[in-house]
1. Explain nothing, just compute: Karplus ³J(HN,Hα) = 6.51 cos²θ - 1.76 cosθ + 1.60, θ = phi - 60°, for every residue of the range 155-171 in order, whole Hz, x for Gly and Pro.
2. Under 8 Å for C-alpha pairs, at least 6 residues apart: give me the relative contact order for the chain, rounded to a whole percent.
3. Note down the nm distance, to one decimal, between modelled labels 7 Å out along Cα→Cβ at Phe75 and at Lys231.
4. Among Ile243, Ile132, Ile235, which one moves the most in a GNM of the chain with springs linking Cα atoms closer than 10 Å?
5. Sort 23-30, 154-161, 221-228 for me by packing, meaning the mean count of neighbouring Cβ atoms within 10 Å per residue, highest on top.
6. Give me the distance in nm between label points sitting 7 Å out from Cα along the Cα-to-Cβ direction at Thr190 and Arg178, one decimal.
7. Mind checking the angle between helix 75-84 and the chain's longest principal axis? C-alpha axes, 0 to 90 degrees, to the nearest 10.
8. Of the cross-linked pairs Lys96/Lys163; Lys208/Lys259; Lys150/Lys247; Lys7/Lys47; Lys134/Lys260, which ones have a Cα-Cα span greater than 22 Å in the structure shown?
Amino acid sequence: MKIFNTKQEIKAFLTSIKEENKSIGFVPTMGALHEGHLSLIKKAIKKNDITVVSIFVNPTQFNNQEDLIKYPKTFDNDKKLLESVSCDVLFFPSVKEIYNDNISSEKFDFDGLEHQMEGKFRDGHFNGVGTIVKALFEIVEPNKAYFGQKDFQQLQIVKKMVKKHRLNVKIKGCPIFRENDGLAMSSRNTRLSKDYRAAAPFIYKILKKARKKFGTENAINVTEWVEKQFKKHPILDLEYFTIAEEKSLETIKIKKSNKKYRAFIAVFAGDIRLIDNIRLKNH
Ligand code: PAF
């Protein structure tokens, strides 16, 4: 696996790859890799001639400085995992390499997607995501880029950015990977204490029950039911639960048969914030 730390080096290498008419698959990450990331990387490897993974803990997308400082950093293990799946290229730049001395975000208009859910609770988060994903796309110039559906809002926002900015890359959304007990895989899971880790599968259990209820009940009832379950929970704190239309991400009250819906949730397990979502059937 080739490792590059500078834009100049990776660009020079990828230019030679493009000259050979080879396709580039790209998986941007913030490191602390787990099976979920590896599933994206394996998909990229299967579908492209060369796979590039980036590891960059992007400061501009953290609305909470403590979360940024405590974000797990496991470079040696990440490198081993990438080698174990035969990843071709790792891009591992410093903050200075990406932002120079100006650690700030561009302002984006994602047609309102940025104001829903995570956007309401994580000020500036999606401007930070847009800034880094666009910068990485400009460096790597991939044919395809792979994103997990756990961050479903991020996936929709990246698709919107690609469309609005006419970027020449296909965005591939990939299914959520779960631990055996149902907890959605996340780099932040490693920071959960024993008690919070034991409690966290409750999130997916409730999502599955909500999906079942949505078959016979309206969105408001299902939402109130979920809120009630978390009020009774001894240690998990619900930040939001909402049922939204997949494309607009707008919360719905009444379901329509020609629309696709998802339930989205954010929960605090102590000071660790966990998100998850599930596809719903609307009949
Ligand atoms: O999903 C993530 O890990 C990050 O938001 C991303 C896409 C790598 C941008 O920093």
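Read-outs: derived from the displayed coordinates by stated rules, not from any lab. Bear in mind the structure is a predicted one, so any value in this text is a computation, not a measurement. Neighbour counts run over all protein chains shown; Cβ positions are idealised from the backbone, glycine included.
1. 4, 5, 5, 5, 4, 4, 4, 4, 5, 5, 9, 6, 7, 8, 8, 9, 9
2. Details: 475 pairs, mean separation 48.7, N = 283.
Once divided by the residue count of the chain, the mean separation gives 17 percent.
3. For the pair Phe75/Lys231, the computed spacing is 4.9 nm.
4. Ile235
5. Numbers: 23-30: 23.0, 154-161: 21.5, 221-228: 15.8.
The packing order, highest mean first, is 23-30, 154-161, 221-228.
6. Here the modelled spin labels are 2.4 nm apart.
7. Approximately 80 degrees, to the nearest 10.
8. Values: Lys96/Lys163 29 Å; Lys208/Lys259 19 Å; Lys150/Lys247 15 Å; Lys7/Lys47 24 Å; Lys134/Lys260 28 Å.
Flagged as over cut-off: Lys96/Lys163; Lys7/Lys47; Lys134/Lys260.
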